[in-house]
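Single-structure report; data block below.
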Amino acid sequence: TLWDLSDEFLNDPFAWPEEESVPSIVDRMSFSLSGNAMTNDFTGTDIRQFRAPASGVKARTGVEEKGTSSFAIPLTLGVGVRFNFSDRWSVGTGLNWSMLSSTFNGTYTEVNSEIVRSINSEIVHDVQYIGVPLNLYYNILNNRNLRFYVWGGGTAERGISNRFRIKSDAGDIFYRESINGLQWSAAGGLGLEFLIGKHLGLYLDPSARYYFDCGQPSSIRTKHPFMLNYEVGLRFNL
């Protein structure tokens, strides 16, 4: 005969040969650039108070919050690296920078051996952190175009700035306090990565995170320790 037709084609003339199964993609490691924003609450009460010292105790300079606070959306930027053990399992770490900001009406009291000045004003409070996350990832779906995964882990953060800006007609006053200890948190979530090139992916990681009480400066984290997080970024796969 002129044609060599298979039995399957003779049975179904419209059938196409079966495609080869698409193998899962395994990269040795990947690097990421990310940014995220968390849910915030624009009202809060008495999250920070400066109390007068007891008798015989030297007074100190400080800020007293009065009324309510408004919180800006917490912002985090980071870089990360992810090591893949198989087409399913990987572990990731990196370095993150976070900014927490709030505004409230309060009193700034400057004290030396006696009270130098006391100013009632609007006060802007900014806290910055540097953090190191450690996360474990499990790929539910992993092919040439899409990855869908779940992940969980924790982050340790060190405060690098705790600054107050007291607005004054004579000129703004900047006051700083130190930050002791580490801020620990735990998180878990889902992830979706769209592979837009051989070595490049765009990902979205919605998650939930809980911040433990670690004696940190007052912020939206101390007011609302359980928060939702939405991280987007680029991932470079090697």
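Which residue, of ILE123, ILE179, ILE119, is closer than 30 Å to SER32 by Cβ, touching a residue at least 12 places away in the same chain (Cβ under 8 Å) and among the β-branched types (Val, Ile, Thr)?
ILE179
Which of the following residues is among the hydroxyl-bearing types (Ser, Thr, Tyr), within 30 Å of GLY106 (Cα to Cα) and modelled with pLDDT of 95 or more: SER161, SER178?
When all the criteria are applied, what remains is SER161.
Going by the structure shown, is PHE226 out of contact with any helix residue (DSSP H, G or I) (no Cβ under 9 Å at 6 or more places or on another chain), aromatic (Phe, Trp, Tyr), farther than 30 Å from THR61 by Cα and loosely packed, with under 13 Cβ neighbours inside 10 Å? Steps first, answer last, please.
Values: out of contact with any helix residue (DSSP H, G or I) (no Cβ under 9 Å at 6 or more places or on another chain): yes; aromatic (Phe, Trp, Tyr): yes; farther than 30 Å from THR61 by Cα: yes; loosely packed, with under 13 Cβ neighbours inside 10 Å: yes.
It is true that PHE226 is out of contact with any helix residue (DSSP H, G or I) (no Cβ under 9 Å at 6 or more places or on another chain), aromatic (Phe, Trp, Tyr), farther than 30 Å from THR61 by Cα and loosely packed, with under 13 Cβ neighbours inside 10 Å.
Name the one entry in PHE164, PHE148 that is touching a strand residue (DSSP E or B) at 6+ places or on another chain (Cβ under 6 Å) and either within 21 Å of ILE73 (Cβ to Cβ) or in contact (Cβ under 8 Å) with a residue 60 or more places away in the chain (or both).
Values: PHE148 fails: either within 21 Å of ILE73 (Cβ to Cβ) or in contact (Cβ under 8 Å) with a residue 60 or more places away in the chain (or both).
Just one listed residue meets the conditions, PHE164.
On the basis of being among the charged types (D, E, K, R), assigned to a strand (DSSP E or B) and either in contact with a strand residue (DSSP E or B) (Cβ under 7 Å, 6 or more places away or on another chain) or surrounded by 18 or more Cβ atoms within 10 Å (Cβ to Cβ) (or both), does ARG221 make the cut?
Working: among the charged types (D, E, K, R): yes; assigned to a strand (DSSP E or B): no; either in contact with a strand residue (DSSP E or B) (Cβ under 7 Å, 6 or more places away or on another chain) or surrounded by 18 or more Cβ atoms within 10 Å (Cβ to Cβ) (or both): yes.
So ARG221 does not fit the description; no.
Restricting the search to the stretch 206-216, which residues are assigned to a loop (DSSP other than H, G, I, E, B) and crowded, with 18+ Cβ neighbours inside 10 Å?
Step one: list which residues in the stretch 206-216 are assigned to a loop (DSSP other than H, G, I, E, B), which gives 212-216.
GLN216, the sole residue that qualifies.
Among the candidates LEU136, LEU100, which residue alone is modelled with pLDDT of 95 or more and farther than 26 Å from GLY197 by Cα?
LEU100
Would you kindly identify the strands (runs of 3 or more DSSP E) lying entirely within the stretch 113-200 that contain at least 2 residues that are touching a Gly at 6+ places or on another chain (Cβ under 6 Å) and surrounded by 14 or more Cβ atoms within 10 Å (Cβ to Cβ)?
Values: elements: 115-142, 146-166, 173-176, 182-195.
Qualifying strands (runs of 3 or more DSSP E): 115-142, 146-166, 182-195.
Which numbered condition in (1) of a type outside the set (A, V, I, L, M); (2) more than 30 Å from GLY152 (Cα to Cα); (3) open to solvent by less than 50 Å² (accessible area, probe 1.4 Å); (4) in contact with a Ser or Thr (Cβ under 6 Å, 6 or more places away or on another chain) is the only one that TYR108 fails?
For TYR108, the failing item is (4).
Of the numbered conditions (1) open to solvent by 50 Å² or more (accessible area, probe 1.4 Å); (2) farther than 21 Å from SER101 by Cβ; (3) out of contact with any Asp or Glu (no Cβ under 7 Å at 6 or more places or on another chain), LEU238 satisfies every one except a single condition; which is it?
(3)
When the stretch 100-112 is examined, which residues are found to be in a strand (DSSP E or B) and either touching a residue at least 40 places away in the same chain (Cβ under 8 Å) or of a type outside the set (Val, Ile, Thr) (or both)?
LEU100, SER101, SER102, PHE104, ASN105, GLY106, THR107, TYR108, THR109, GLU110, VAL111
Residue under question is PHE83, and the condition is that it be part of a strand (DSSP E or B), closer than 22 Å to GLY189 by Cα and aromatic (Phe, Trp, Tyr); does it hold?
In short, yes.
Considering only the stretch 224-238, how many residues are part of a loop (DSSP other than H, G, I, E, B) and more than 18 Å from the chain's Cα centre (by Cα)?
From the stretch 224-238, those part of a loop (DSSP other than H, G, I, E, B) are 224-225, 238; that's our starting set.
With the extra rule that they be more than 18 Å from the chain's Cα centre (by Cα), the set shrinks to 238.
Total meeting the criteria: 1.
The values are calculated or read from the model by the stated rules, or taken from the named source; none is laboratory data. It should be emphasised that the depicted structure is a prediction, and the values quoted were computed from it without experimental measurement. Virtual Cβ from ideal backbone geometry, glycine too; neighbours counted across all protein chains shown. For the accessible areas, the whole protein counts, side chains as well, though only heavy atoms, and no ligand, DNA or RNA atoms are used. Shrake-Rupley method; radii C 1.70, N 1.55, O 1.52, S 1.80 Å.
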